[in-house]
Each structure stands twice: as structure tokens, then as C-alpha cells.
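First the structure, in the form of C-alpha cells, and then the observations on it.
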Amino acid sequence: MHSRRDWLQSVAAIAASLKTRFVSSAATSQVVLSESNSPRWQNLARVHRIQPIVAECSGVPVYGFGVVDIYGRPPDLVPHAPLQTNNTLPVSKILLKKSWEIKNNKVGATPPRTPRTWMMDFKPLRKTHLIDGNPDTYWSSRGQTRPTVQPQWIRIDLPWQAQVKTVVIIPRSDNQGWPGEIVIDVSVDAWHWETVYRGTGLQPPADGKPQFFSFEPRTVKQVRITADNLRWAISEEFLVFSVAGVEVLDIEDNNLALLSKGAGVTVSSTNQGAAGEKNLEDWLWPVHYDLGLKWVRLAYWDSVLNWHYAEQKKGEIIIDPLADQTVTEMAENGINIVLCLAYGNWLYSREAKAKKNAEALPPYSTADKQIWVIPFEWPPPPTETEEYFEAWLRFVRTMVRRFKGRIRYYEIWNEENANWNAYFKQSSKTENAINQYCRLARETIHTIREEYPEAKILLGSVAGFDREYMTACLKLGLGPLVDVIAWHPFYGTRQDLPQFRNYSGEVRAWKKVCESFGFKGEYMATESGWYAPYPPPEKPFGGGAVSEIVKAKCLARYFTMSVGLDLTTFWNTTWHHYIWWDLGLFRNPYSADPISPTEPQAAYYVLRNLGTLLESVTPASFTVEFSKSNQEFEFVTFEIPNGDKLLAVWLPQEPTDNSPLVTTDIELGMKFSTAVGTDVLNGIVQPLVCNEHRLIGILIKDYPIFIRLADRAAAY
């Protein structure tokens, strides 16, 4: 048990001094904090969310983010491979920086949902629905990538021992989520269990009828139902155990498994949506600062800052107070926020209908659904009626007025080229859909400018690198009206394919197209990701699954290339609890309630290294030539504000777990006296042997190595 003083010492281990800048989590310097300066450390904890040291590994502190432990230095993710042949100079590790220590970079991420109060913690699949007596409510386990990865179970505890003769399992009305195998056990002491039913090769019940499993009456206190060979529910990727309820019938056919009769229920896991459990999200939020990010994009998905959450009763827009507090915290930590203004709101739609009975249920509320509105039942866009449009503009004005000064960047929708199609029921590139979006964009821009003239406005990020759709918007005059054009270029794309390898040239050409339409602003790649789910899913998301190390290498190559194109770049997402997608930087190894365990993947540590390495860099151009002429290399060149140059180079083939090593000399069209190499995967830093124009015997891998070049006498 850590005491208050232990925690003070943990804070001290991070801060080199209360009067100077904060050092990275790799630092081991100690400052003794006394109770007399409590207000200072309290402020550090409040603003920077400095985490306690919970362990030590090889002399390096391990920091606790709630139940998640993160190593304080770059770990050795792969077996060490030297940066240069015949180099005996000492090696060290990157001195990592936190977000508030970094002046600027173009490195960002997208959290799945903003931290939220319980008031806004919409969870339609709670375990209580199993014993609420309502067949229209459902429970679902957390999804798996394969049908037999992990059995899922339900346990009912009765308040007293009773004579029981039947267990009833009530399917969902849509018959989804019914398993292929079921075992029912009963007990009187939760210690000795007796199996009363075992079934395999089961099919979903016809017409969703309740299934009765009867046996000779016996005394029962606990009932356990274990399911395997799972089927999908909600989405074909969600392999789950999902049912509407469980009944435990006594000898007089009374249902004892009711919350109203004192029964309780525990489950193996619960589908909590993309964001996962509220507590885990609260604990994990400070990892954005640990990563050294300078950009975070909010509300692009199922967020409490989306309109359909903020306004659930006409005329009452409620901004979740914890989300509001979190925005302040990010701003105080030096992070730039992109707030996506989205999506529609069923309250104002003339098509507000519940799927369960296809009848209008005004006013519409998420509570009416056993499903998340986004992405499973998109409201129509706000252009449907004038009342709807005016309500949308009121929402926009409210959000900008509330966050002015803390948030400068506002995005108008997300992937409108894809999800507006669900409403117009035709190709997203038809004239009608584009005209409707551009109408919405113009009025929204006008509203934002009225409230906040200094705001930066993004044209909604398009799905893919959809230049046809973006060009159509530019032709309709949006170019001079917005400050940022953004897109989502890659989801699992193999990096040896032309789609990836030609991307740099295509982006440069695209910028010229935008400029020809009067656009003079910034460019962002606001979502991309690669995936390493275990086991590999039957239906992989995007371009397919890779190994954990390959995912980390793909991240390193993509960010390096993208920042080299002067794109502010976001990984999607920081964490994500849909296992079959594996969108995030954290592993999801096992499903559990109340909180499913998670831990940092290799990609987490690599992005953290990049946050520090790419501080304040800008794209630069200088000559780079390789002596190994029969080998192709990819490279990106940067400049650092003090005049130093930075070269990143890697092999262009699809990365693998075991990287090939190619030795080459590098001739540079510039004079330099010192060179320092960095292995971005292991975070190893080493001075390189060089002459004033040439690096000899550099070992190139299938992920970037960075070489910093300076024309000065002393190495750094």
C-alpha cells in the first residue's frame, strides 16, 4: 500500500525542480516534496496528471495509470541491431518529453470518447438487463475475434436457497448472439457445482422463443450459464454471447431471477462500446501527455460532445462537465484540440423511428435503443428541414461559445462522403449529397466566424484520400472559406503497395490542386491506423491484420512520411476496446467485468518516441545519396529550428517481425561535423562516426532510423 508520502516521492521523481521545467518520465532525479508545499504538487497533479511510481524495472520507474502500468523509458522492443558497423561509441536512450515540455510537433491521436460523467455514460447492454424482466432489453458480452477464443458466462445469485426446476434463457428478439454451446451449472455454496444441462451444435431458437432447460427439482442458490462457439450480434464482427434475459423457476413456476426479488447477476464481460469502461477512460486520459502529443481530435465518433448526446431534450444543450474539464486540462498541457462538430439529432428528424416497431417515438432518445446511435443508426443530416438546420446552428454556436479560447480548431462533420450516403441512399458523390453538405458547411462556417473570428475551421475529414469528393467541395467555393483540409488515408494498407508508396507524390500534387481553388491553409491526416488483433479475426478490418511489431513499424513509417509532408497526423485511436479492430495503442488481451485489462502495445512506445523526436521539425530538402545503388531506400528530410538537419531512412518493403539489415554509406549534400543516430523502435541513441559529408556503414532496417546532423564541434 502506497502512502501519501510515497505518492509525493513519486511526483518528485518526475519533477527535476519545482522552479524549472518538468523532466521526462525517464528521469530518476529526486526532489523531496514536503507537506508545506502541498499546493504546488497538488497543482502538478491536477494539471499534468502526474502518475505515481508503482514499480521499478531494471532501475527504471513504472508509472500507474489506474490499473495500467507503463514503462518510463523506451523499452527494447526488438533484439538490438547496431546503427553503424564498427561503432563502439556509447549508446543511451531517448530523453522523452511530456506534452507540456514540447514546443510543437505534428503528432496527434484520436481518443474514442471524451471522459464523461455517469450522467452521460450510455450503456445499453448492461448486465442488469438479464434480470430486469424486460425482454426488450439485452446484455452482450465483449466481442471476440473468433468464436472459441474465450467462453463467456452469466452467474445468477438468489438471495435464498430455493427448490428450482427450470432455467429459462430468453433470446434477443432478433435472434442474434445465441451461442453454439451452452452449459448450465447450479450450486448451493458457489463452490460445488452440478451440471444440469450441456448442449453443443445449438442453433438460434425459431422466432426468438424462450428456451426452457428443465431438470429434477433441487435446492439452488447460484446458477451459472457458460457459452462458447459464439455468434455475432449488432455487427457481424462482434462475436458475442448476447441474450435478453435469464429466468430461474421454482417448483411453482415463479421466476426468482429478478432484481425486484433481490437476485444479483455477474457476467464474464460486457460490451461497453468503442470507448470501453468509463473508469478506464478516466485513468487512461493522461497517456496523451505521456505520449508527447500536441494534437488530440475529439467528438469524431460516439462522444458526449456530439449533438445527439448534448441535446437529448429539445432546446436543452448540456455539455458534460467532465468533458468540459478535460478540454481545459488538455489546453493547460499544451495540446491543440480539434473538435468535430457532428452528427445529426433524431429529436429534429421527421424520420425519427425506432427500428423495433418502425413507428415514430418522439422525442427520440438514446435510452429508447438497445444500441449506440453512432454508428448503428445514424440520424439524418440536419439539412432535412429548416427547423432541423436552425437547431444544428444553435448547437454549433453553443459549442464554439463554450470552448472559445480553449479550442481553436473546429471541424464540420466527419467522413461526410461516406455517412451522408446512408441518408440520401445513393452514391456519396452525387450532386445532391455534395450540395447539401456544402450548404451546411457554409452556414456553419458563418456561425463559427461570428462567435470566434480567430477560429481555424476544417472541412470535414473525408473517408480515404477522396480527392474527387474534396474537389467537388472546392468547386462549390469552400476553399477560401476554410483553414484546414483533412482526410483519412490509410486503414491497414500494406506499405509496399503503390497506394502507400505513391502517397507522398499524390499529396504534393493535391496541395497544388487545393491552392488553385484559393485554399491557403493547413493540411491534416486526421485518422489512420494499422491493426494487430490476436487471434487474427475471420473478417479483418481495413487492409488486414499484422503482428504487433509490424504494427509499430507501420506507425513509425507512416508518421515519419506524413510529418515530412507537413501534415498534422493523428493515429486512430489512443485506445479502443473493439478487439477485432485493434485500432488503439493498447492490447486487449482478455475480456472481464467490471474492467477489461489493457496494457501498452509496442506501437504506444514507438509513438511516444516520435513525439519527442519530431519536436519542432519542418520539412527540408537536401541531397541524400546511398552507396548501395542496387537497393531502394525510403527517406524523409527535416530541419530543426537551431539549424540542425534530420534524416529518417528505412527499407520500403512490407515490414516483418525480423527486419533485414542493409549496410550502406550515405553521402549528404551538406557539411556536418557531428551525427547522432536514433533507433525509433528501441529508443536507442548513439553518436555516429562520420566525416564532413559522409556517413559510413549505416545499417538500414525496415523501420525508420533517424540521423541528426549538425555542423558543430561537440556531439550531443
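The values are calculated or read from the model by the stated rules, or taken from the named source; none is laboratory data. Only a predicted model underlies this, so the values are computations on that prediction, with no experimental measurement involved. A quick note on method: Cβ atoms are made from the backbone with ideal geometry, for glycine too, and the neighbour counts reach across all protein chains shown.
Quick notes
- Residues satisfying the criterion are absent from the range 154-162 (criterion: aromatic (F, W, Y), buried (at least 24 other Cβ atoms within 10 Å of the Cβ), not assigned by TED's automatic domain parsing to the domain that holds I374 and not in a loop (DSSP other than H, G, I, E, B)).
- Qualifying residue in the range 112-121 (condition: buried (at least 17 other Cβ atoms within 10 Å of the Cβ), outside any helix (DSSP H, G or I), in contact with a helix residue (DSSP H, G or I) (Cβ under 8 Å, 6 or more places away or on another chain) and at pLDDT 95 or above): no
- Of residues in the range 367-418 being in a loop (DSSP other than H, G, I, E, B) and of a type in the set (K, R), the one nearest to Q312 (Cα to Cα): K369
- Restricting attention to the range 635-654, the residues that are closer than 18 Å to L709 by Cβ and buried (at least 18 other Cβ atoms within 10 Å of the Cβ) total 11.
- Set T145, T166: member being in contact with a Leu (Cβ under 6 Å, 6 or more places away or on another chain) and under 24 Å from S268 (Cβ atoms): T166
- Test: residue in the range 87-95 that is touching a helix residue (DSSP H, G or I) at 6+ places or on another chain (Cβ under 7 Å) and within 27 Å of M524 (Cβ to Cβ): yes
- Within the range 189-210, tally of residues that are buried (at least 16 other Cβ atoms within 10 Å of the Cβ) and either touching a residue at least 40 places away in the same chain (Cβ under 8 Å) or in a loop (DSSP other than H, G, I, E, B) (or both): 1
- Pairs, first in a loop (DSSP other than H, G, I, E, B) in the range 71-96, second of a type in the set (K, R) and surrounded by 13 or more Cβ atoms within 10 Å (Cβ to Cβ), C-beta under 7 Å, six or more apart: R73/K93; P74/K93; A81/K701; L96/R608
- The range 597-642 - residue that is assigned to a loop (DSSP other than H, G, I, E, B) and of a type in the set (F, W, Y) and, of those, farthest from the chain's Cα centre (by Cα): F622
- Residue selected from the range 236-257 under the condition polar (S, T, N, Q) and in contact with a strand residue (DSSP E or B) (Cβ under 8 Å, 6 or more places away or on another chain), by the criterion farthest from P124 (Cα to Cα): N255
- Qualifying residue in the range 227-237 (condition: surrounded by 16 or more Cβ atoms within 10 Å (Cβ to Cβ), touching a Phe, Trp or Tyr at 6+ places or on another chain (Cβ under 7 Å), among the charged types (D, E, K, R) and at pLDDT below 95): yes
- Taking first residues from the range 481-499 that are in a loop (DSSP other than H, G, I, E, B) and partners that are among the aromatic types (F, W, Y), the Cβ contacts under 6 Å between residues at least 6 apart in sequence or on separate chains come to P489/F465; G492/W530; G492/Y531; T493/F500.
- Among the residues of the range 450-467, those that are touching a helix residue (DSSP H, G or I) at 6+ places or on another chain (Cβ under 9 Å) and either surrounded by fewer than 22 Cβ atoms within 10 Å (Cβ to Cβ) or under 24 Å from D582 (Cβ atoms) (or both) comprise E450, E451, Y452, A455, S461, V462, A463, G464, F465, D466, R467.
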